[in-house]
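Heads up, the thing below is written out as structure tokens.
The values are calculated or read from the model by the stated rules, or taken from the named source; none is laboratory data. What you are looking at is a predicted structure, and each value in this text was computed from that prediction instead of being measured. Cβ placement follows ideal geometry from the backbone for every residue including glycine, while neighbour counts extend to all protein chains displayed. In case anyone asks, the SASA skips ligands and DNA or RNA and just uses the protein heavy atoms, side chains included. Shrake-Rupley method; radii C 1.70, N 1.55, O 1.52, S 1.80 Å.
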Amino acid sequence: MGQTYYVDGKFVAAAEAVFPIDDLGLLRGYGCFDFMRTYNGKVIFIQDHIRRLFNSVRQVGIELPFTEAEMIALVEETLKRNPPVESSVRILVTGGSAPDFITPQGRPRIAVMVAPLHPYPPAWYAEGAKVITVPFGRAIPGAKSIDYIRAILVLAQARREGAIEAVY
């Protein structure tokens with residue numbers, strides 16, 4: 001049984017989850033996200049995560065068509081539609097489609113993605129794991145924006161140095 005995502009108003013199989021090519025998240029990296037995980041099937045600190053998501057989108061000028069309570073219910077419904085395993089949950093909000101490829105139209109896109117959580121290797125807990133630090137200042141530090149090019153580059157650097165992660 002595959003994963004089910006919420007995408008732009010519908011619950012769909014993960015393999016069918018798509019956004020149009022003119023979406024500002026793809027074209028301009030215009031969007032925000034939040035990431036959370038479950039413990040015993042429930043997202044911990046869900047109100048805090050949703051509040052942070054709303055704060056992020058407000059900082060980048062995206063207005064969500066849901067209340068915080070409605071977004072929490074959407075996350076919980078997406079979880080119910082997936083196998084009952086410990087999961088990671090990612091909410092993605094983009095600026096939506098733009099006919100001129102740059103101007104938001106006030107219709108953001110929203111996706112809620114649920115995936116089985118992959119536990120860390122036991123050796124990391126018993127022996128520790130190497131992490132590197134990298135100096136970097138984000139453009140809008142209070143917003144969890146989807147512009148993660150730098151994160152991809154520094155994670156590759158960490159791996160080259162035998163580390164599992166890089167901390168800014």
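Quick notes
- A full extension of the chain between residue 157 and residue 35 corresponds to an added length of 41.6 nm, given 0.36 nm per residue minus the alpha carbon distance.
- Under 12 Å, Cβ to Cβ, from residue 3 - net charge with Lys/Arg +1 and Asp/Glu -1: +1
- Counted residue by residue at 0.36 nm each, then reduced by the alpha carbon distance between them, the extension gain from residue 101 to residue 164 reaches 19.0 nm.
- The chain: most fluctuating residue of 31, 95, 61 per GNM, C-alpha cutoff 10 Å: 61
- Neighbour net charge for residue 115 - beta-carbon separation under 14 angstrom, K R +1, D E -1: +2
- Positive minus negative residues near residue 52 (Lys, Arg vs Asp, Glu; Cβ under 12 Å): 0
- When only alpha carbons are used to place a centre, region 130-166 and region 36-108 end up 22 Å from one another.
- Here the accessible area is traced with a 1.4 Å probe on the protein chains. For region 27-168, carbon and sulfur cover 59 percent of it.
- Theoretical FRET efficiency, 1/(1+(r/R0)^6), r = Cβ-Cβ of residue 117 and residue 47, R0 22 Å, to 0.05: 0.60
- For a paramagnetic label modelled on residue 80 (point 7 Å from Cα along Cα→Cβ), amide N atoms under 14 Å away belong, within region 1-39, to 11.
- Tensor-based shape of region 39-126 (alpha-carbon gyration tensor, a/c under 1.5 rounded, otherwise prolate or oblate): prolate
- Length gained when the stretch residue 27-residue 127 is fully extended (0.36 nm per residue, less Cα-Cα span): 31.8 nm
- The dipole here belongs to the chain: it is taken about the Cα centre, uses +1 on the Cβ of Lys and Arg and -1 on the Cβ of Asp and Glu, and is about 280 debye.
- When shorter helices are ignored and each DSSP H run of at least 4 residues is given -39500 (n - 2.57), the per-residue value for the chain at 222 nm works out to -9000 deg cm²/dmol.
- Computed over the chain with a Gaussian network model linking Cα atoms closer than 10 Å, the most mobile of 72, 91, 132 is 132.
- Surface accessible to a 1.4 Å probe, per residue, for the residues of region 13-168, Å²: 61
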